[in-house]
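A.B. asks: My questions all concern the structure below.
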Amino acid sequence: MNSTATKTPIFAYLALAAVCIVWGTTYLALRIGVTQFPPFLFSLLRFLTAGPILIGLLLMVGKAKMPDKKTLIQQAISGFFMITLGISIVGWAEVYISSGMAAIICSLMPVWVILINLIFSNDERPTFPILAGLTIGFAGIVLIFQEHLADFASVKYQIGILFTFLGNICWAFGSVWIKRKNQHSDPFLNAGLQMLFGGLLLIPVSLVFDDYSNLEWSRDVLYSLTYLSLVGSVAGYACYSYAIKNLPMTLVSLYAYINPIVAILLGWFVLGEKLTFKIVVAMFITILGIYIVNKGYQLRMKWKAQLSKS
């Protein structure tokens, strides 16, 4: 038997680890960009830079061939949900909320993944340890969230929170969908195509919603755009696509618990943002939840392997 349950490449776990760290840093870079530049245009430029770069590199080294029409359509749909409606809406919302808060909300992604899987399929139904771990991890996130309750007095802040939830749900739906459709195509090429299509679909969104009257380039915008394009998108998105193809979706979604920890620590280290004892305790609770979920998956994989042998 040759399945991810019994033979998962170490590179898949390394790719997931890279996503956990790299995407935790992107919230800060994204906030720097969207607060100084039209937010949808910023995301458009990011992905229309990253997508062609990744596709071009793969084609140049002969590691991939252009897929058929059906696969292209699948990648366009994935790009629409994950890029156009997912990351880009979160980027727009970061005009109104902090990078740490955006990361905290996006940590709910595993919850949406479980609910979507429960609605559409029985393939990855969570066991009790997995649910317990997710609950503990979510409790840690809630403790962090409580440190920002005073900001809800602002209507713009409320709008930012609402649309961050919306973008996060779209990303989760796209992640579940792509997991089911991309099992027989190259994950790195898929990532490039999703970014390309997602960026192209952002063109009308930017034309309708962005304000170009105050468009101005700055060194901070260029630095953040370069970092997000090359590291956050080309490297990070490729790693995510590889992990999502080779690991269970609910396991891959745990990166969303680690991202806010990285984002909060980075905000404290770079910008001097608040880091209280409660936040430190909450981060350890979150890590405990991740550990329990991983243990739950290990037990389930052993159980499946035993059943297949009997």
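A.B. asks: Where does the stretch 133-199 land on Rg/Rh, using Cα atoms and the Kirkwood Rh?
C.D. replies: Ratio value, two decimals: 1.13.
A.B. asks: Tell me, how many Å apart are the Cα centres for the stretch 132-148 and for the stretch 65-110?
C.D. replies: 23 Å
A.B. asks: Write down, largest first, the equivalent ellipsoid semi-axes of the chain in whole Å, where each equals the square root of 5 times an eigenvalue of the alpha-carbon gyration tensor.
C.D. replies: On the way: eigenvalues 177, 136, 51 Å².
They are 30, 26, 16 Å, listed from largest to smallest.
A.B. asks: Hey, in the GNM for the chain with a 10 angstrom Cα cutoff, which one of SER98, SER88, SER233 fluctuates hardest?
C.D. replies: With Cα springs under 10 Å in the chain, the top fluctuation among SER98, SER88, SER233 is at SER98.
A.B. asks: For the chain, with a Gaussian network of springs between Cα atoms less than 10 Å apart, report the residue from GLY232, GLY56, GLY267 with the top mean-square fluctuation.
C.D. replies: GLY56
A.B. asks: Calculate the tail of P(r) for the stretch 55-134: the fraction of all Cα-Cα distances greater than 14 Å, expressed in %.
C.D. replies: Tail of the P(r) past 14 Å holds 77 percent of the pairs.
A.B. asks: Thinking of the stretch 1-158 as a set of Cα atoms, what percent of all their pairs are more than 28 Å apart?
C.D. replies: Numbers: 4595 of 12403 pairs.
In whole percent, the share of Cα-Cα pairs in the stretch 1-158 beyond 28 Å is 37.
A.B. asks: Using a 10 angstrom cutoff on alpha carbons, build the Gaussian network for the chain and name the most mobile of GLN74, GLN146, GLN158.
C.D. replies: Top of the fluctuation ranking is GLN146.
A.B. asks: While we're here: Ranking request for peptides 234-242, 220-228, 16-24: highest mean number of other beta-carbon atoms within 10 Å first, then the rest in descending order.
C.D. replies: Output ranking for 234-242, 220-228, 16-24: 234-242, 16-24, 220-228.
A.B. asks: Taking neighbour counts of Cβ atoms within 10 Å as a proxy for exposure, in what order, fewest first, do TRP177, TRP217, TRP112 appear?
C.D. replies: Fewest-to-most Cβ neighbours within 10 Å comes out as TRP217, TRP177, TRP112.
The numbers here are math on the coordinates, done by the rules we state, and not lab data. Here the structure is a predicted model, which means the values were calculated and not measured. Note that we place each Cβ from the backbone using ideal geometry, even for glycine, and neighbour counts take in every protein chain shown.
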